[in-house]
Structures are given as C-alpha cells and as structure tokens.
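Read through the structure below, which is laid out as structure tokens, and then see the notes.
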Amino acid sequence: MKKLLQFLTSFCTVFGALILIVIVLMLGVRFMSGGAINIPKHSMLVINFADNFSETASGSVIDEILGKKNMSFTTLLKAIEIAQSDNRIDGIVARLDISGLELAQIQDVARAITRFRQSGKKTVVFSQGFGPFGQGNREYYLASFFEKIYMQPHTTIGLTGIGIEVPFSRTVLDKIGVTPEYYTRYEYKSAMMSFSDKQMSAPYRENMTNLLSSIMTELKNDITENRKLSEKLDKIINRAPLSAEEGKRVNLIDDLMYLPELEKLLKDEGVKNFVALEDYVTQFQPNEGDLPTIAVLNLSGVIDTGESSSDIDGEFVLGSQSVTADLGEIEDLDNLKALVVRIDSPGGSYNAADEIYFALKNLQQKKKIPIIVSQGGYAASGGYFISLAGDVIVAEPTTITGSIGVLGGKFELAKLWQKLGVRWTDIKFGQNADILSLNKPFSEQERAVFNQSLDEVYADFTEKVKENRNLNANIDKIARGRVWSGRQALALGLVDEMGGFEEALILAQQRGNIAPQTKIKLVTYPQEKSFSEKIKELILSGDIRVKEMIAKSGVDIRYLKLFKRLQYDMVLLPFVLNM
C-alpha cells in the first residue's frame with residue numbers, strides 16, 4: 001500500500017509538472033503570435049459557419065492558447081456590419097456545410113447578409129454538402145440569402161423539410177416498475193408526456209403541427225423568393241436529398257466547382273486577399289470614454305438558482321445568482337442609457353426566473369432606463385417569463401417562445417424496489433416530510449399540496465403576462481403551455497416586433513434618447529473570463545473536451561440535454577427539431 005501511495009504521489013508530481021511545462025510553452029507561443037494583421041484592399045472576408053458562435057463570448061483556456069477563438073454571435077453580426085462599410089473588403093465568402101446556429105440566429109445573420117448585399121458587395125457560399133445526408137435545411141436556408149452558391153461536385157443538398165421527434169418511454173417504465181407522477185398546467189404543457197403517455201396526445205400534436213407549419217412557411221417563402229426556383233419548392237423538398245448536379249438544374253445553386261477553382265474565380269474577378277473572420281475581428285476597437293452606454297445582458301441556457309456553469313455535455317446553466325450580480329454591475333455603469341437583454345433559453349426553474357425578472361424590474365425602476373428584450377432561438381417557459389420584464393420584446397419569426405405553463409412531480413419507484421426485493425422504512429416528523437420521496441406514491445394530501453403549488457405558479461405566470469402584455473381577455477387561448485413561433489407570437493401580442501439583435505439595439509438607442517449617428521459604448525455581460533480564470537477553471541474541472549469525446553462516441557447529446565431538463569418546473573417540452 002505504501003509503495004502504491006508513493007507511486008501515485010510521484011505520478012501526480014510528474015504529471016503536474018508536465019502540465020505546467022506545456023502551459024508555459026503554450027503561453028510563449030500565445031504571446032509571440034499576437035499582433036494585428038494587415039488587410040489590403042480588394043480582400044474577401046471568409047466566414048466558416050461550422051465555427052462556434054455562442055450567444056456569450058466563451059472558450060476554454062486551450063482554445064485561447066492555441067489561438068482558436070470561440071466568437072460570440074453578436075461579434076459575428078458586428079463583423080458583417082463593419083465589413084459592409086470597410087473599403088478594404090469587397091465581399092464575403094462563406095464556408096457552409098454544417099452549422100450550429102439555431103434557425104432564429106440564421107435569420108438574424110441572413111438580415112445582416114441582405115444589408116451587406118444591398119451595399120453592392122459580393123456574397124458567395126461554398127459548400128461540400130448541406131447537411132450530411134438530409135437535415136441541411138438551416139444551412140441551405142442561410143445560403144439562399146447569398147448572391148452566389150457554389151458546391152463541390154457529387155455532394156448533396158439536404159433540403160428535406162423539417163420534423164419533430166418525441167420519445168415516449170412509458171412502456172419501458174412500466175416494465176421496470178417506475179411510475180411517473182407528474183402534473184402540468186395545462187394540457188399543452190407536454191414535457192412529461194414522454195414518460196406518462198405511450199403516444200402523442202391530441203393537444204400536443206395540434207400545437208407541434210401549428211409550430212412546424214409556421215416555421216416551414218418561413219423557410220419556403222424566403223427560399224422561393226431568394227432563388228427564383230424553376231419549380232415549386234414542395235416538389236423539390238419531397239425529392240431531397242438532391243445531388244449538387246440536380247440542385248443546379250432547379251436553380252438551388254449556381255455552379256459546381258472545387259474550392260481551389262472558386263478561389264481562382266474570385267481572384268480572376270479582382271480579389272487580392274482572403275481574410276479569416278477571427279483575424280478580421282482583431283482589428284476592432286471598442287468605443288471608450290464618456291459616451292452614452294448601452295449594456296447587453298446575454299441570458300443563455302437552462303435557468304437555475306445559484307451560479308452559472310457549463311455541464312459536462314455542454315449544456316449551459318444560467319444561474320440567477322450570477323445574473324443578479326451582473327445586473328448589480330450594470331447598475332453602476334456611468335452614463336447608462338438602455339439595456340438590451342438577449343435571451344436564448346428553453347426555461348428552467350420558476351424561482352430562478354422570478355428572481356431574474358424581479359432584478360430586471362428593480363434595475364429599470366432605479367435607473368429609469370428602457371429594457372429591450374431580443375429573443376434568440378428559444379425564449380420559452382421561464383425564458384418567456386423573464387422576457388416580460390422588457391419594455392419591448394423583439395423576436396425572430398422562427399424563435400420558439402411562449403410555453404406559458406408549469407409542471408412538476410416525481411418518479412415513483414415503489415414497484416421497482418418490490419421487483420428488486422428492497423424494502424424501505426422511514427421515520428419522519430411532519431406529515432409531508434417525505435412528499436418528494438421517490439420510494440412511495442403521493443398521498444391524497446400530498447397530491448393536493450403539490451397541485452396547489454402548481455396552481456400558484458401558473459397564476460403568477462399568467463398574471464405577469466396580463467400585467468406586462470395587456471392580454472387580459474385572451475390569456476387562456478394563448479397560455480396553458482402552448483408553444484408558439486415568433487411570427488405567431490407577434491400576432492397574439494406576446495412579442496412586439498420581428499427582428500434580431502441589431503433591431504433591438506436600434507430600439508435601445510431610440511428609447512434611450514440617443515441621437516442617430518452618435519457614438520455609443522456597448523458593455524456586454526457576462527464578461528468573458530480572463531486567461532488566468534480559465535486556467536483555474538481548467539485545473540479545477542479537469543476539462544478535457546468531454547463534450548467532443550461524447551459526440552465522437554456516437555451518443556446524440558441532444559437527447560441527454562432534453563431529459564436533464566425535466567428537473568425544472570418551467571421548461572420547454574423535450575422534443576428534437578430535425579432540420
């Protein structure tokens with residue numbers, strides 16, 4: 001045993017020393033490789049949409065050491081906007097095979113690309129295939145907003161339409177003796193149907209069909225208008241995936257060529273240089289000094305109490321404690337004129353969402369500033385609850401929002417223990433002391449207490465909707481757990497305007513009484529962690545790209561994330577949107 005301990009001590013010492021040496025060497029590379037790059041005239045900005053554009057500026061210490069920048073989504077939008085008026089940049093060439101952008105984010109980028117095109121500059125896409133073999137709808141949808149689309153020969157266009165998959169596991173649970181005891185407010189709050197039911201209910205199917213129809217209409221209308229197709233898009237979709245050659249025939253794309261051939265073509269047209277996006281953004285200098293200030297608060301992830309964190313599978317947890325701390329710093333900003341709250345969340349904990357909602361209202365009352373909410377891919381359930389603190393809510397047509405409802409309960413394991421021959425005995429003081437015990441079903445009194453709690457939460461949620469959105473008469477027709485697209489939400493009065501981050505920023509300037517063309521200072525929260533903080537996080541967490549390892553194992557991380565969300569009472573139902 002003593003020898004084993006000595007070996008482990010020696011191993012840890014050597015391993016730690018090696019890590020330290022590697023970090024020191026990499027730091028040397030990092031600091032030696034810095035410096036601005038020269039961008040000559042007649043350059044093309046190169047954007048690879050396979051890169052990670054998260055709602056918040058993030059990235060591990062390894063990424064930073066190696067110079068790999070995990071750029072924020074708003075930085076991507078800013079780069080396109082700046083390039084539009086940069087006389088050194090003649091156009092944008094995008095690499096677009098597979099993208100992690102959500103559909104609402106794609107609409108935001110598409111609007112920026114449209115403005116860029118209107119300035120008279122080139123926009124070109126190169127693809128080695130939209131989607132692996134199907135489910136390339138988002139990627140092709142974005143590509144359709146570019147002037148020219150070029151594809152490598154013998155690749156495919158996965159414009160196969162969209163669908164929703166929902167897992168139902170009640171039969172399996174019955175076999176192993178697990179009984180879901182969950183309650184919802186109301187019939188459209190369908191998260192637990194994956195466990196409580198064996199098939200999709202009529203309200204669930206109705207809501208999902210309406211949601212999908214709205215999203216599909218957006219895609220079809222825009223693609224048809226952008227590409228001037230030679231036949232109806234429905235017919236094309238029903239034959240997909242299509243070969244690149246067939247795509248050219250029906251005008252989905254412009255031509256077939258390999259990447260070196262496209263580079264030569266662009267150079268023949270006068271392009272002198274290609275500038276990578278990560279290099280281009282190093283040229284940006286933030287406005288400093290005593291300028292009108294707009295704060296941007298990014299609220300991305302599943303909402304919970306405590307501090308924000310990132311789970312092992314990459315699911316970001318938005319901690320209410322961290323958010324209120326950020327709001328405290330925002331309150332102390334000089335010359336603060338407005339706050340833009342960017343929300344990309346499927347919801348989560350009611351208590352946490354309510355804490356953030358109250359903190360936003362409190363800030364608004366103290367500072368007398370407008371709060372503009374910009375909804376991203378999701379602003380559902382608890383995400384929509386927080387949105388109610390905004391003076392104006394801006395959403396994309398394909399934002400998934402609403403889900404005004406609540407759920408809660410537990411999995412009861414009594415039959416499972418019986419099958420296993422395990423008998424539980426308890427001692428308690430208080431009639432409801434073991435109300436959430438998994439080892440027994442709810443008693444009648446416990447069930448009544450639990451449902452009363454859900455009624456109170458639902459009443460508070462709907463009351464805040466009535467109060468903030470002036471929807472007294474129609475609340476029952478839009479709530480009860482229904483999920484809406486942004487376009488549908490606009491018609492129902494749940495949001496105020498269609499648009500993305502840029503539109504929200506313009507509204508913040510207008511509502512903050514900042515004159516047009518005035519220089520402003522943007523301060524973004526949560527602020528990116530320092531290099532030393534990332535090193536500390538790496539050492540404490542042992543982060544070795546677990547998410548990537550899981551992905552390479554063939555496990556679909558989306559399913560892991562969805563089922564983990566079931567611990568929360570205000571969260572979007574678990575479905576996989578195939579696009």
Practice item. Enter the accessible area per residue of region 70-171 (Å², integer; probe 1.4 Å; all protein chains in place). Key: 33 Å²
**Study point:** Long-range Cα-Cα pairs in region 212-355 (distance over 18 Å), rounded percent
**Key:** 76 percent
Check your understanding: What's the lysine pair count for region 63-196 at a Cα cut-off below 24 Å, pairs eight or more apart or interchain?
Key -> 7
Revision key, fill the gap. Computed on Cα atoms, Rg of region 124-226 relative to 2.2 N^0.38 Å comes out at 1.51
Check your understanding: Going by average Cβ neighbours within 10 Å, how do the peptides 324-332, 227-235, 397-405 rank, with the highest at the top?
Key -> 397-405, 324-332, 227-235
Point to revise | Leading residue at positive end of dipole, region 364-506 (Cβ point charges), from SER387, ILE404, VAL495 | key: ILE404
Point to revise | Extension gain from ASP455 to LEU522, taking 0.36 nm per residue of separation minus the Cα-Cα distance | key: 20.0 nm
Check your understanding: Going highest first, how would you order 118-125, 379-386, 191-198 by mean Cβ packing within 10 Å?
Key -> 379-386, 191-198, 118-125
Check your understanding: So, in Å, what gap is there between the alpha-carbon centers of region 96-161 and region 246-268?
Key -> 14 Å
Check your understanding: Could you give the accessible area per residue of region 380-437, probe 1.4 Å, as a whole number in Å²?
Key -> 43 Å²
Practice item. Would you work out what percent of the accessible area of region 371-526, with all protein chains in place, is carbon or sulfur (probe 1.4 Å)? Key: 52 percent
Check your understanding: What is the set of long-range amide H partners of ALA380 at a cut-off below 5 Å, with H atoms built 1.01 Å from backbone N?
Key -> SER345, GLY347
Check your understanding: Between region 79-93 and region 334-365, what is the C-alpha centre distance in whole Å?
Key -> 34 Å
Review point. When the accessible area of region 258-338 is split by element with a 1.4 Å probe, what percent falls to carbon and sulfur?
Key: 45 percent
**Study point:** Percentage of interatomic Cα-Cα distances in region 185-258 larger than 15 Å
**Key:** 66 percent
Point to revise | Alpha-carbon gyration tensor eigenvalues x 5, square-rooted, for region 359-457, Å | key: 42, 18, 11
Review point. For ASN48, which sequence-distant residues (separation of 5 or more, or a different chain) have an amide H within less than 5 Å of its own amide H, given hydrogens modelled in the peptide plane?
Key: ARG95, LEU277
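The values are calculated or read from the model by the stated rules, or taken from the named source; none is laboratory data. Please read all numbers here as calculations on a predicted model, not as lab measurements. Ideal geometry is used to build each Cβ from the backbone, glycine not excepted, and the neighbour counts take in all protein chains shown. Ligands, DNA and RNA are excluded from the accessible area calculation, which covers all protein heavy atoms including side chains. Shrake-Rupley method; radii C 1.70, N 1.55, O 1.52, S 1.80 Å.
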